[in-house]
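Student: One structure is given below, represented as structure tokens, and several questions about it will come after.
No lab work stands behind these numbers, since they all come straight from the coordinates. Keep in mind that this is a model prediction, so the values were computed, not measured. As a convention, Cβ positions derive from the backbone with ideal geometry for all residues, glycine included, and neighbour counts pool all protein chains shown.
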Amino acid sequence: MDYTLLVLVLKDLIILPFQEIKLELKDEISKKIVKVSSKKFNDRLLIVSPQNGQEKEPSIDDLPNVGVVAYIKNKLELSNGNLRITIKGEKRIRVLQYEPFSSDVIDAIITDIILPKFEENGERVIRNKLIATLNEYIEVTPNVSNSILKVIDENKELDFLTDVITTFLPLNHSQKLEYMKELNSEKRALLLIKDIKLEIRYNKLEEKIDNNVQIRLSKEQEEYFLKEKIKEIEANLGIKEDNDQELKEYYHKLEKLSLNSKTTQKLKEEIKKLEKISSNSPENSVIRSYLNWVLNLPWHNETKENLNVKSVLNSLNKSHYGLEEVKKRIEDYVNIKNINPEISSPIICLIGPPGVGKTTITSSIAAALNREFYKISVGGLNDSTELIGSRRTYLGALPGKIIQGLRKCNTNNPVILIDEVDKMVKDYKGDPASTLLDILDSTQNKAFVDNYIEEPFDLSNVFFILTANSKDNIPLTLYDRLEIIELSSYTVFEKVDIVKKYILPKIYEEFKITKKLVMKDETLIYLINNYTKEAGVRGLTRVLKTLVTKVITSKPDSYTINNLDIAKYLKDYNSIDDNKEIREPGIVNGLAYSNAGGTILRIECSIYNGEEKTIVTGSLGEVLKESIAVASSYIKEKNYVSNTEFYNHTIHLHLLDTATKKEGPSCGVAITTALLSKLLEVKMSKEVAFTGEISLKGNILKVGGLKEKLIAAYNAGIKKVYIPEDNGIDLAEVPKQILDNVEIKLVNNYATIYNDFFQTSEIENNIS
């Protein structure tokens, strides 16, 4: 049986079934998860740990498909604002799917795991062997309490034993994660026996070393004791021989790199310094780490690039639908590269709403060009040292993300994606945009110096591609150096093609199913319009994965899907209707554009007796509030209605979707129309939408994001759109399919709209 729990991600801690731990939660998200779980999920929540415990902000893709259901035994709010909880692991479960529960919390659809049954005698043999090995471990390990044996005797099941014993062993994060993910208790027991025996060997070796040292030392010679113990350890491990061999390898690597004389001389000095320093000196590890970084960088390693134009385009077309401007730019680059192999790579910045393929097309470009790929996310980055590293003198110093990426790729000409450049932050810690400028500028990056490496490295072979949701937030100094390519939203019919040619085949391959779903285009359009609301296809992919999962598990005999099936299988998704019928005056469709693409913005107007004032709601910015004031003044000046209509009346304007902040000069025309619609009691058609800003004299001003707005209108079933006349030139960028199906009316003054909808004859026609 499938059910849902909220997810608490513990990055550096693993909890197992039957284990009880105390946690002190500081962040508000974790506190919220605990409180909601107590209220709505009977004090149960799902504990998972990401595959990579070092990841600062793990994504959903980093989370495992096995977790532990934990019970919140008690919780206490502390005086410092933290929340202290005690939780106990109950059982392992399988995660079917992670989903957003709210903007900052995720939940998971989970199902119970049916534990395998084992042959009784075989299980007894393994259990006895495990307990015997544990007894031996307790005997040779003085700091482990034998109270664990009392706990084990209380339960005879192997599943219980393995989890309890694992909590007592000094295992690292990755080892415990493997134990948590392993469902077969016999396999866990055998792995435990192996790990316990390994610990026994380590403890016996340490005891032997201690005994040998103690024989030769007197009680008064504490300093001598420490030195001799280190010598004994080195003798047992062969460290001295290893050091000599390691130094030879350093010299050999340095000779093979053929670096410039200045850099070579400096690195030789570092190796000589390492030769003289004691192995137990703190500086030893600092120099060793530095040499390992510098000598393993791809100073001259270069991947052979694929410069076959036809092959590159075929690869991009196979992985991505549309995105013609991006593909054309890569085609031009390959053509020029064939003419002049020394030409520098362009610095491309892909700008568009989430989910339209910015990141994935970059990965595909790398694959098509036969280059390595590395992604750097700079969203929220405010510390320049993350890009250019920190000085070796600092504790825990490391190179920056650029050098780290080059070493991981092991080539000096990878494709490096710098994601979300419009979300970088400038504060007292530094200006990452200026640092990034030095990294990207082809006139400067030939001798890029990382603070940790301290030697110039040539970045001119790197193909940098940047992404952003909005060009308005990219720092101007950086924007001037970029080659901007804007990616637009997809129309509903483009999404249908993407689903059939790209998304569903990938899902079939991922799920390893051979029988395909049978869905007509009309069914796909119904799915897209009613269960997704986005510019790209990321949410659509998630919905389709859920649909395929439910179909193959619930409908094995027939994979033919219709609208009723979709409503049945996706009942947990909220059905979306962007274009509800307008049933009364004062309701108008506006068009808006945000970082997430174009959208239909419903504007509602209400007028009632009361104080003469205007109320505005809907998370509006200052520009929109000014648009409302301008619209009111324009109507009064033109005497479209008697000014007495404003006396002793309160006007309330509301823009729906209050959770979203709305800002920007593009709703003046729609606001004016909503006011007149209510004042003149004229009902507007649900198939008409407006965009444009209005001046005090009724002039309609040019707006941005027209292409995205018209795609949103088309997807929502709008048949007629009024746009500023000055935006007529932008229609060349709008897909022909939209221009053929949506009537675009260019206007330069609001009088045209007034004549179309609010003249006496028109009002009478509407009433009749």
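Student: Mind ordering 463-473, 250-260, 124-134 by average Cβ neighbours within 10 Å, highest first?
Tutor: Final packing ranking: 463-473, 124-134, 250-260.
Student: Something else now. Quick one: divide the alpha-carbon radius of gyration of region 447-514 by 2.2 N^0.38 Å and tell me what you get. Let's see the in-between values first.
Tutor: Values: Rg = 20.2 Å, N = 68, 2.2 N^0.38 = 10.9 Å.
So the Cα radius of gyration is 1.85 times the expected 2.2 N^0.38 Å.
Student: Tell me which residues come under 5 Å, amide H to amide H, from Q97 once H is placed; ignore anything under 5 positions away on its chain.
Tutor: I109
Student: Take peptides 532-545, 309-322 and line them up by average Cβ neighbours within 10 Å, highest first, as a rough protection proxy. Please list the in-between numbers first.
Tutor: Numbers: 532-545: 20.4, 309-322: 16.4.
The densest-packed peptide leads the list: 532-545, 309-322.
Student: Once the mean 1/r over all distinct Cα pairs of the chain is inverted, what Kirkwood radius in angstroms do you read off?
Tutor: Working: mean 1/r = 0.0315 Å⁻¹.
Taking every pair of different Cα atoms in the chain, averaging 1/r and inverting gives 31.8 Å.
Student: Per 10 Å bin, what is the whole-percent P(r) computed from every C-alpha pair distance within region 318-434?
Tutor: 12, 36, 34, 15, 3
Student: On to the next question. Can you list residues whose amide H is under 5 Å from V449's amide H, if they're 5+ apart or on another chain and H is modeled 1.01 Å from N?
Tutor: For V449, whose amide H was placed from the backbone, the distant partners under 5 Å are F457.
Student: May I pose another question? Scan region 717-755 for trypsin sites (Lys or Arg not before Pro) in coil per DSSP, keeping those whose Cβ has at most 12 other Cβ atoms within 10 Å, and list them by number.
Tutor: Numbers: sites: K719, K720, K736, K745; in loops: K719.
Loop-located and lightly packed - none at all.
Student: Against the globular-protein guess of 2.2 N^0.38 Å, express the Cα radius of gyration of region 277-327 as a ratio, rounded to two decimals.
Tutor: On the way: Rg = 22.3 Å, N = 51, 2.2 N^0.38 = 9.8 Å.
Expressed relative to 2.2 N^0.38 Å, the Cα Rg reads 2.27.
Student: Take the Cβ-Cβ distance between K272 and R392 as r, set R0 to 22 Å, and report the resulting FRET efficiency rounded to the nearest 0.05. Mind showing how you got there, number by number?
Tutor: Details: r = 17 Å, r/R0 = 0.77.
Efficiency computed from Cβ-Cβ geometry: 0.85.
Student: Name the trypsin sites (Lys or Arg not before Pro) in region 589-642 that are in a loop by DSSP and that have at most 14 other C-beta atoms within 10 Å, would you? Working shown, then result.
Tutor: Details: sites: R602, K613, K625, K636, K638; in loops: none.
Filter output for region 589-642: empty list.
Student: Take the residue pairs K11/K31; K500/K520; K268/K401; K88/K194; K520/K568; K337/K471 and return only those whose Cα atoms are more than 19 Å apart. Don't skip to the answer; put the middle values down first.
Tutor: Numbers: K11/K31 16 Å; K500/K520 10 Å; K268/K401 26 Å; K88/K194 27 Å; K520/K568 17 Å; K337/K471 28 Å.
In this structure, K268/K401; K88/K194; K337/K471 exceed 19 Å between Cα atoms.
Student: Using all C-alpha to C-alpha distances in region 1-63, build P(r) with 5 Å bins and read off the rounded percent in each one.
Tutor: 3, 15, 24, 28, 21, 8, 1
Student: Just for the chain, what percent of DSSP beta bridges are antiparallel, to the closest 5? All intermediate terms of the calculation are to be shown ahead of the outcome.
Tutor: Numbers: 54 of 91 bridges.
Around 60 percent of the beta bridges assigned by DSSP in the chain are antiparallel ones.
Student: Same structure again: Ordered by residue, what ³J(HN,Hα) values in Hz, to whole numbers, does region 93-101 give under the Karplus form 6.51 cos²θ - 1.76 cosθ + 1.60, where θ = phi - 60° and Gly and Pro are x?
Tutor: 9, 9, 8, 7, 6, 9, 9, x, 8
Student: Starting with the highest mean, order 408-416, 158-166 by the number of other Cβ atoms within 10 Å, averaged over the residues of each peptide. All intermediate terms of the calculation are to be shown ahead of the outcome.
Tutor: Details: 408-416: 19.7, 158-166: 21.6.
Those peptides, ordered most packed to least, come out 158-166, 408-416.
Student: For L45, list long-range residues whose amide hydrogen, built 1.01 Å from N in the peptide plane, is under 5 Å from its own amide hydrogen.
Tutor: Excluding prolines and chain starts, which carry no amide H, the hits are A70, I72.
Student: Another question about this same structure. Please express the Cα-Cα pair-distance distribution P(r) of region 279-360 as a list of whole percents, one per 5 Å bin, running from 0 to the bin with the greatest distance.
Tutor: That works out to 3, 11, 16, 15, 13, 10, 8, 8, 7, 6, 4, 1, in percent per bin.
Student: Here's something else I'd like to know. Using helices alone, I'd like the mean residue ellipticity at 222 nm for the chain: each DSSP H run of four-plus residues gives -39500 (n - 2.57), total over residue count, nearest 500. Write down the numbers at each step before the final one.
Tutor: Values: 28 runs with 333 residues, N = 768.
The helix contribution divided over the chain gives -13500 deg cm²/dmol.
Student: Please give, to one decimal in nm, the separation of the simple spin-label points placed at A567 and N308, each 7 Å out from Cα toward the Cβ.
Tutor: With each label point 7 Å from Cα toward Cβ, the separation is 5.2 nm.
Student: Please determine, in degrees from 0 to 90 and to the nearest 10, the orientation of helix 622-638 with respect to the longest principal axis defined by the Cα atoms of the chain, where the helix direction is its Cα long axis.
Tutor: 0
Student: Rounded to whole Hz and in sequence order, give me ³J(HN,Hα) for region 490-503 from the Karplus expression 6.51 cos²θ - 1.76 cosθ + 1.60, θ = phi - 60°, writing x for Gly and Pro.
Tutor: Once rounded to whole Hz, the list reads 9, 6, 4, 6, 5, 5, 4, 5, 5, 4, 6, 8, 10, 5.
Student: Divide, for region 64-142, the radius of gyration over alpha carbons by 2.2 N^0.38 Å, where N is the residue count. Mind showing how you got there, number by number?
Tutor: Numbers: Rg = 19.8 Å, N = 79, 2.2 N^0.38 = 11.6 Å.
Output field value: 1.71.
Student: In addition: Of all alpha-carbon pairs in region 396-495, indicate the percentage at a distance above 17 angstrom.
Tutor: So the portion of pairs separated by more than 17 Å is 58 percent.
Student: Could you work out how far helix 668-679 tilts from the main Cα principal axis of the chain, as a 0 to 90 degree angle to the nearest 10?
Tutor: Roughly 50 degrees between the two axes.
Student: Follow-up question, since we're still on this one. Mind checking which lysines have their Cα closer than 23 Å to the Cα of K720? Skip sequence neighbours fewer than 8 apart in that chain.
Tutor: K495, K533, K580, K678, K683, K686, K702, K707, K709, K736, K745
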